[in-house]
Amino acid sequence: MRAEAFSRPIRRELIAAWGFLARNVHLTKRYWGWELVWFAYSLTSSLAVAYIGLGTERLAGGGVDGQALTLYLLVGTLVWSYLSQIFYVISEMVAWERWEGTIEYTFMAPSSRLTHLVGTSLFAVIYGIGRTLLILAAAAAFFRLPLAGAHLPAAGLWLLVGSVSFVGFGILAGVMPLLFPERGVQMTNVLAALLLLISGVYYPVEVLPGWMQLLARGSPATYVIQGMRGAILAGEGLDQMARPLALLALGGVGMILVGTWAFSLAERYAKRTGRLKRSG
Amino acid sequence: MYALSAESLEKRFRKGKGKLIWALRKVSFSVARGEIYGILGPNGSGKSTLVRILATLLIPDGGRAWVLGYDVVRQPKQVRALIHRVSTEAAFFKKLSPLENLLYGARLYGLSGRVVGRRARGLLAELGIPPDRQRRPMEQLSRGQQQKVAVARALLQPPPVLLLDEPTTGLDPRSKREVQELVLGLRREKGTTILLTTHDMEEADRICDRVGILDEGRLVAEGAPWKLKQRVKTDGRPVSMEDVFFALTGKEWEDES
């Protein structure tokens, strides 16, 4: 009896989490035209960045390993594409529902906010992985990528652990559209641009000014990208990355806890000030 | 225990620089189980604010409110499991079909897709949404059909308390009548308690057991429609709810709404 009383609410929350995930899958299918446009945009951007590697070899007139540089840039752009995807899906969930006009309906449902965030985050990770693999497959057709020495399982692990941190960052940034119905999304865009600048996506963070390098230490993307490059370009395995991975995972969990707490405070504020309304 | 009750509810909003607008001022009322209680008032009278507070979407600045004994501020999760709200704007994902929207809504309430699928199709057909429309995006449905889907969503697992925030606004007379019949049927068959806000006097008169008149955030009168009419009757002429509103607020209904 007691076990049933305990399992029923959990089952309800699991169904609700699946509901958020399935809803986003349905929406992705219905907005397939936009998905195609964004995929083409991401692919061409990734290719444009990767070609800088071959271009630099030509401009330098030798002395630069164009293929290695291309792979260096491609890892950065693909990892960033994946992490930013997670960040945007989660951070814009409030803005998206406000635009659709469903925000009050979703926030009035008996499922918990944690379930809401878990369902959305699961979708973000699955969607991000699928999309990034597709871009990688398409990009691989354009370059001869020197992947012989790459430690792919280690790279996958970096990406998964990095996802946790970005889920936390996304939840934290999701507070903005909740507090600022009109400018919130732009604020999350600024945060994403700042992360792109300081995290060494296209260059080593060491080339940044000292104060920016300090900021880079606070960005989980810095560690994910460094780790991915270590695994793919230098073939670094689990023995070399156990400690930084553990630290990244710990930071990610902490970020999720802080993000969820901040989100609950912002939700309460929005309910006090009447900001939990549809727009338009 | 009342199905719904409020005690001295207050809510104000800040508009512009420092200017405070009162949406609700010391509003108190109670609704018995199985009762249809109407909140009548023109635009901006505080009807939607009241419903949003009861639906746990707004936190009041003063006073308290309960749904079947649960405090809407202190026990929001318990309250949410007992209510459903249908509002003027049919809140749906425009690109999703009625079935996909219903499935999403049901899952948020812990109902699995397997249980809901067949029931949703049957319910939509019962409400006059043909099978081919059930799979088309919501944006291709008429306003009346969208509102019926909103009602269907609430009926998938009929809640003990239903909050209807101007559910028939903007509907053609036939759709309006169909939604009203659904409301009456729900109370008759399931014993659902219904709070209905409207600025349609005829609707309030027809389906509500009691009504409360809200004017500039104040509940100025409440009672059964026939009792309110009797209260303002001065000569032998028949009295409408518009006359009641005028007599109790000093304002013409047409001007206010």
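The values are calculated or read from the model by the stated rules, or taken from the named source; none is laboratory data. What you see is a predicted model; the values in this text were computed from it and never measured. Cβ placement follows ideal geometry from the backbone for every residue including glycine, while neighbour counts extend to all protein chains displayed. Remember, those area values only see protein heavy atoms, side chains included, never the ligands or the DNA or RNA. Shrake-Rupley method; radii C 1.70, N 1.55, O 1.52, S 1.80 Å.
Quick notes on this one:
- Test for B:ALA150: is it facing chain A (nearest Cβ under 10 Å), more than 22 Å from B:GLU181 (Cβ to Cβ), surrounded by 17 or more Cβ atoms within 10 Å (Cβ to Cβ) and at pLDDT below 90: no
- Among the residues making up the range A:53-74, a single one is open to solvent by 10 Å² or more (accessible area, probe 1.4 Å), modelled with pLDDT of 90 or more and of a type in the set (Val, Ile, Thr): A:THR56.
- Residues satisfying the criterion are absent from the range A:244-259 (criterion: farther than 26 Å from A:ALA154 by Cα, out of contact with any Pro (no Cβ under 6 Å at 6 or more places or on another chain) and within 14 Å of chain B (Cβ to nearest Cβ)).
- Some residue of the range A:130-143 being in contact (Cβ under 8 Å) with a residue 12 or more places away in the chain, within 30 Å of B:VAL86 (Cβ to Cβ) and open to solvent by 60 Å² or more (accessible area, probe 1.4 Å): no
- Filter result (within 19 Å of A:GLY128 (Cβ to Cβ) and touching a helix residue (DSSP H, G or I) at 6+ places or on another chain (Cβ under 6 Å)) within the range A:193-215: A:LEU195, A:SER199, A:VAL201
- Criterion (within 14 Å of chain B (Cβ to nearest Cβ) and either over 24 Å from A:ALA137 (Cα atoms) or touching a residue at least 24 places away in the same chain (Cβ under 8 Å) (or both)) met by exactly one of A:ILE86, A:ILE15: A:ILE15
- Failed item in (1) farther than 26 Å from A:GLY101 by Cα; (2) within 18 Å of the chain's Cα centre (by Cα); (3) free of Cβ contacts under 8 Å to residues at least 24 places away in the same chain, with B:LEU228 passing the rest: (2)
- Matching residues, the range A:26-52, being of a type outside the set (A, V, I, L, M, F, W, C) and open to solvent by less than 70 Å² (accessible area, probe 1.4 Å): A:HIS26, A:THR28, A:TYR31, A:GLY33, A:GLU35, A:SER42, A:SER45, A:SER46
- Within the range B:218-247, if we keep just the residues that are modelled with pLDDT under 85 and small (Gly, Ala, Ser), the residue that is farthest from B:GLY41 (Cα to Cα) turns out to be B:GLY236.
- Only listed residue being open to solvent by 10 Å² or more (accessible area, probe 1.4 Å), away from every other protein chain (no Cβ under 14 Å) and assigned to a helix (DSSP H, G or I), chosen from A:GLY156, A:GLY170: A:GLY156
- If the condition is being within 13 Å of the chain's Cα centre (by Cα) and open to solvent by 10 Å² or more (accessible area, probe 1.4 Å), then the range A:78-106 contributes A:LEU78, A:TRP80, A:SER81, A:SER84, A:GLN85, A:TYR88, A:VAL89, A:GLU92.
- Just one of the listed residues (A:THR132, A:THR115) is closer than 30 Å to A:GLY66 by Cα, at pLDDT 90 or above and not small (Gly, Ala, Ser), namely A:THR132.
- Residues in the range B:153-165 that are open to solvent by less than 20 Å² (accessible area, probe 1.4 Å) and either in contact with a Cys (Cβ under 8 Å, 6 or more places away or on another chain) or farther than 20 Å from B:ALA125 by Cβ (or both): B:PRO159, B:VAL161, B:LEU162, B:LEU163, B:LEU164, B:ASP165.
- Selected residue (criterion: nearest to the other protein chains (Cβ to nearest Cβ)) from residues of the range B:7-65 that are under 17 Å from the mean Cα position of the chain (by Cα) and basic (Lys, Arg): B:ARG52
- Looking at the range B:146-257, the helices (runs of 4 or more DSSP H) lying wholly inside it that each contain 1 or more residues that are among the acidic types (Asp, Glu) sit at B:173-190, B:201-207, B:241-249, B:253-256.
- Filtered by the rule that a residue be within 14 Å of chain B (Cβ to nearest Cβ), open to solvent by 30 Å² or more (accessible area, probe 1.4 Å) and β-branched (Val, Ile, Thr), the range A:107-129 gives a lone residue, A:VAL118.
- Which numbered condition A:ARG275 misses (of (1) within 14 Å of chain B (Cβ to nearest Cβ); (2) in a helix (DSSP H, G or I); (3) of a type in the set (D, E, K, R)): (2)
- A:MET187, sole failed condition from (1) in a helix (DSSP H, G or I); (2) in contact with a Pro (Cβ under 9 Å, 6 or more places away or on another chain); (3) surrounded by 17 or more Cβ atoms within 10 Å (Cβ to Cβ): (3)
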